[in-house]
Amino acid sequence: MNAPTKTDMIAEGKAKLIYNTTDPDCVIFYFKDDATAFNAQKKGTIESKGILNNKISALFFKELKERGVENHFIEQLSEREMLVRKLEIIPVETVTRNIVAGSLQKRTGKPEGFELPNAIVEYYYKDDGLGDPMINDEHILTFGWAKREELDVIHERALQVNEFLKAYMGERGILLVDFKLEFGRTKTGEVLLGDEICPDTCRFWDAKTRKKLDKDRFRQDLGDVEAAYQEIASRVGA
């Protein structure tokens, strides 16, 4: 089946452009090289980031679909473009944590690198103007951002993705520290995993050296940012 044709751009995010297509149920993601951190207070460019994130995300989405984790991915169209199912994005970012880093370190005082005895699933309200504040189940249900059954699906899927990614990356000498997921609804109300899964949205550390191989290299001015993204792509075979 031929892919639908790209039409008008409907949205521009920090890392992607989104286009309508001639199929009303599909959109096209175009992955940019733009990089932002700290709610876009820091901005820059990471060479070939969009190409690498597209490849890595496509690989992960395909692997997850084979394992029964339904998601929006249809096919990779080009180096920078991906065809996906159109979703009404649920305004809740889901963060799953295995090792203390980032905001969890600041909130708990635990040292970076402290390995958690079990994965923690956290939720954040998707609103840049508010700084994506941390929220809980009651906030989500009270404000109608998701229904109970939808939240149950999101929580279950987050843990399924964690189980897969931890094992998959572990086999390739990478620690999965934490990662962000986004979910959305199809026009029939089915909740699917969406957005992207890549070094922009995951913290990846080398298992032996604990060298950071993700966007923290950009956030923290560690250098070798492009090389880190290339390293992840190489190890996963994207």
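Quick rundown of the values:
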quantity: Long-range neighbours under 7 Å by Cβ, at least six apart or interchain, first residue at negative phi within segment 98-111, second loosely packed, with under 11 Cβ neighbours inside 10 Å and part of a loop (DSSP other than H, G, I, E, B); calculated: VAL100/PRO111
quantity: So LYS42, is it closer than 26 Å to PHE218 by Cβ, of a type outside the set (Asp, Glu) and surrounded by fewer than 19 Cβ atoms within 10 Å (Cβ to Cβ); calculated: yes
quantity: Counted residues, segment 150-189 - those being within 18 Å of TYR125 (Cα to Cα) and of a type in the set (Asp, Glu); calculated: 4
quantity: Scope segment 1-34; condition farther than 16 Å from GLU79 by Cβ, of a type in the set (Ser, Thr, Tyr) and surrounded by 15 or more Cβ atoms within 10 Å (Cβ to Cβ); matching residues; calculated: THR21
quantity: Some residue of segment 103-112 being exposed (fewer than 13 other Cβ atoms within 10 Å of the Cβ), closer than 30 Å to TYR19 by Cβ, of a type in the set (D, E, K, R) and outside the structural domain of THR22 (by TED's automatic domain parsing); calculated: no
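Okay, residues lined up against (1) buried (at least 19 other Cβ atoms within 10 Å of the Cβ); (2) under 17 Å from the mean Cα position of the chain (by Cα); (3) at pLDDT 95 or above; (4) over 29 Å from GLU75 (Cα atoms):
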site: PHE143; (1), (2), (3), (4): no, no, yes, yes
site: GLU150; (1), (2), (3), (4): yes, no, yes, no
site: LEU176; (1), (2), (3), (4): yes, yes, yes, no
site: GLY189; (1), (2), (3), (4): no, no, yes, no
site: ASP200; (1), (2), (3), (4): yes, yes, yes, no
site: LEU213; (1), (2), (3), (4): yes, yes, yes, no
site: ARG235; (1), (2), (3), (4): no, no, yes, no
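The values are calculated or read from the model by the stated rules, or taken from the named source; none is laboratory data. Remember, it's a predicted structure, so these values are computed and weren't measured experimentally. As a convention, Cβ positions derive from the backbone with ideal geometry for all residues, glycine included, and neighbour counts pool all protein chains shown.
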